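Down below is the structure, laid out as structure tokens.
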């Protein structure tokens, strides 16, 4: 469960804008496992509403999907009811740092836009992240594949056109993300061998909805990016008022284009690829 977002409420709106960005990269990485792709048993750690599980399901043997929020899992079960009934996927309510599985249970593990929701302490070196990756290493077979979908600090600074409207919330969010260099160190100490990093450039995290200049004015649109839940009431109202003023002045679309200029070069997410020693 997120340490700051109310996914019990957000589960109703999440899929209106969010999809599985970078799934082609994840499939390509999983194909490097010792087990043939079509036979792999994959753990979706922090599955949310199951978007990534659904996209991966036709390529692998079985998926075990884990999340701590029962409402998000409920949405996932609804979308994947047939696959659940025939045993292709199963769902478990669990913390990803305390998994109810035996050692070396999985051929692959994917973690998609989950880590920044952990209740961690950056000043102490992100101890919760370290515990999570030790646990993921425990349940992954030697030679198994790990993919982590996260964001670099630079992507968070320049890859989202509306973050300039909510600077304090955006700063709070950046501080929740482990710097990529430190994350690679955590991989190493947890028993993983780093293999590479990829930044999908073609699709933003919220798909076509991302380009809607008036999107932030709607709660269901804001529910597609948990950064909005970090705003104070004053910061949110100032952001919405700024959008209205830009729109009334005929400047809103130009504002989006100007503040989105870096995204096509940086992307919004980074997919890290590693294998279990």
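Structural remarks
- Qualifying residue in the range 253-268 (condition: assigned to a loop (DSSP other than H, G, I, E, B) and over 23 Å from the mean Cα position of the chain (by Cα)): no
- Condition met for residue 152 (farther than 21 Å from residue 276 by Cβ, in contact with a strand residue (DSSP E or B) (Cβ under 9 Å, 6 or more places away or on another chain) and in contact (Cβ under 8 Å) with a residue 40 or more places away in the chain): yes
- Check on residue 178, in contact (Cβ under 8 Å) with a residue 40 or more places away in the chain and in a loop (DSSP other than H, G, I, E, B): yes
- Within the range 36-56, being more than 16 Å from the chain's Cα centre (by Cα) and surrounded by fewer than 20 Cβ atoms within 10 Å (Cβ to Cβ) holds for 36, 37, 38, 39, 41.
- Search result, residues across the range 1-27 that are part of a loop (DSSP other than H, G, I, E, B) and within 20 Å of residue 151 (Cα to Cα): 1, 2, 3, 4, 5, 17, 18, 19, 20, 21, 22
- When 156, 217, 182 are screened for being farther than 25 Å from residue 27 by Cβ and buried (at least 19 other Cβ atoms within 10 Å of the Cβ), only 156 passes.
- Enumeration of residues in the range 205-243 that are within 21 Å of residue 12 (Cα to Cα) and not in a helix (DSSP H, G or I): 205, 206, 212, 214, 218, 223, 224, 225, 231
- Residue identified as more than 15 Å from residue 64 (Cα to Cα) and buried (at least 21 other Cβ atoms within 10 Å of the Cβ) among 91, 133, 106: 133
- Residue in the range 119-126 that is at negative phi, loosely packed, with under 14 Cβ neighbours inside 10 Å and part of a loop (DSSP other than H, G, I, E, B) present: yes
- Of all residues in the range 244-275, those satisfying the criterion of being touching a helix residue (DSSP H, G or I) at 6+ places or on another chain (Cβ under 6 Å) and over 30 Å from residue 9 (Cβ atoms) are 262, 266, 273, 274.
Laboratory data are not the source of any read-out in this text; all were calculated from the coordinates shown. Just so we're clear, the structure is a prediction, and the values are computed from it rather than from any experiment. Positions of Cβ are backbone-derived with ideal geometry, glycine not excepted, and every protein chain shown enters the neighbour counts.
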